[in-house]
1. With n ≥ 4 as the cut-off for DSSP H runs, can you work out [θ] at 222 nm for the chain, using -39500 (n - 2.57) per run divided by the number of residues, rounded to the nearest 500?
2. How far apart, in nanometres, would the label points at K41 and R53 be if each is projected 7 angstrom from Cα along the Cα-to-Cβ direction?
3. Would you mind counting up the charge near L6? Only other residues with Cβ under 14 Å from its Cβ, with Lys and Arg at +1 and Asp and Glu at -1.
4. Compute the projected area of the convex hull of the Cα atoms of the chain, averaged over all viewing directions, and report it in nm² to one decimal place.
Amino acid sequence: MAGLDLDWISVFDEVYQSGSVSKAAERLGLAQSAASTALNKLRVHFDDRLFTRTAQGMQPTPRAQE
């Protein structure tokens, strides 16, 4: 887990719970762009999309559910 910023995990958790990057950012007191950047860094770190955008919101991938 070297190179993993724990703040990114907070963003992941909020997106997972809310199904929305915007809502996650609001709950964490971040700009939406900062939350998106953190999520993108996690995607690179885990080599997975982690979430897929759907009509119902951001749905976790199987890797994200692990």
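What follows is calculated from the coordinates using simple rules that are stated; it is not laboratory data. Treat the numbers as computed from the prediction; the structure is a model and nothing was measured. No Cβ is skipped: glycine too gets one built from the backbone with ideal geometry, and neighbour counts run over all protein chains shown.
1. Helix-only estimate at 222 nm: -18000 deg cm²/dmol.
2. The answer from the label model is 2.2 nm.
3. Result for the local shell: -3.
4. About 4.1 nm², averaged over all directions.
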